[in-house]
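The next block holds one structure in the form of structure tokens; read it before the comments.
A short reminder: the numbers here are calculations on the coordinates, not readings from a lab. In this text the structure is predicted, and so the values were computed from the model without any measurement. Cβ coordinates were reconstructed from backbone atoms using ideal geometry, including for glycine residues, and neighbour counts include every protein chain displayed.
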Amino acid sequence: MVTSPIAVLIQPALERGAIDPQEIEALQQQWQQHNALDSADADALFALQGVLAGRNTAFNAVFEEMLTAYILDGGEHKGNITNEQGAWILSMLDGGEGLVANAAELELLVKLVERAESVPASLATFALHQIQHAAMTGEGPAAKGRIHFSRVIDVKDVATIARLLQVAKGNRRRIISRAEAEILFDMAEACTGTNDPAWDSLFVEAIQAHLFAANNPGLSNGPSPARPVVLGPRDSAWLQSRIQHDGHVSRAERALLALIDPRQMAATNWSAPIGQML
């Protein structure tokens with residue numbers, strides 16, 4: 001039997017498959033009075049969004065506000081997404097084939113990753129995959145509402161990636177995982193159309209930050225975009241394999257290579273084909 005207040009208010013709408021403005025107002029009032037959800041409330045919000053599929057703009061706003069606060073502002077790890085929370089979010093959002101079901105769920109996901117001080121790598125990778133899918137196929141929730149050509153990274157993609165990588169936080173942004181860096185390289189290789197001009201610099205900055213954090217644990221994760229990339233042997237081997245992966249160096253990859261000292265490339269045994277491809 002459903003007894004939590006928000007879940008009780010949602011139940012009639014869930015049974016009808018629709019929610020009216022008065023019910024949304026009642027949800028908002030309940031939320032404003034108590035500013036707290038329990039797991040049953042959160043599950044009910046996700047269940048109703050699954051039925052509404054992002055079509056009710058007013059409910060989308062309530063859905064995003066309540067669940068963002070529930071995940072980031074409650075519990076012992078305020079401001080962080082724990083591994084347990086990350087697994088639950090993935091179970092709620094993965095609508096199949098590694099994609100969210102609708103644009104409203106995508107916006108919730110992006111906002112959570114954008115705001116959290118720490119994010120499980122699995123959740124951050126899942127979020128970035130949404131944009132990768134849109135860029136490579138021109139389809140999916142992340143491409144909805146606009147014409148999106150395949151194999152193109154457009155201005156909206158760049159803006160969303162910047163949010164996911166917390167670019168606006170500067171030195172306080174979270175660490176970019178190797179799995180996310182792999183996705184960024186996959187995009188740089190596959191998206192050969194007319195990309196948004198800001199993509200190249202975003203790609204370079206992200207890979208820079210990833211390598212900096214990998215080689216300087218515990219230090220700031222925000223080197224200057226003009227700062228040379230310093231490579232350890234393991235990272236050098238990885239970077240070389242990624243750039244050589246498809247036998248072609250993309251414009252974004254060229255911009256990254258420009259920040260690597262050729263003497264360091266030689267010292268870490270970069271092979272001749274790199275120079276030939278440039």
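For the reader, a short list of remarks on this structure follows.
- Cross-link reach is defined here as a Cα-Cα straight distance under 24 Å, omitting same-chain residues fewer than 8 places apart; for Lys78 the lysines meeting it are Lys111, Lys169.
- Two-site FRET efficiency, Asn35 against Asp94, from Cβ-Cβ distance with R₀ of 30 Å, rounded to 0.05: 0.60
- Sequence-separation-based contact order of region 1-103, relative, with Cα cut under 8 Å and 6+ spacing, percent: 26 percent
- Rg over Rh for region 132-217 works out to 0.98, both radii taken from alpha-carbon positions and Rh defined as the Kirkwood radius.
- Compactness of the chain - radius of gyration and Dmax, Cα, Å: 21.2, 69
- From its DSSP helices (H runs of at least four residues, each -39,500 (n - 2.57)), the chain gives a residue-normalised ellipticity at 222 nm of -19000 deg cm²/dmol.
- Cα centroid of region 1-74 to Cα centroid of region 121-151, whole Å: 26 Å
- Length-normalised contact order of the chain in % [C-alpha pairs under 8 Å, at least 6 apart]: 11 percent
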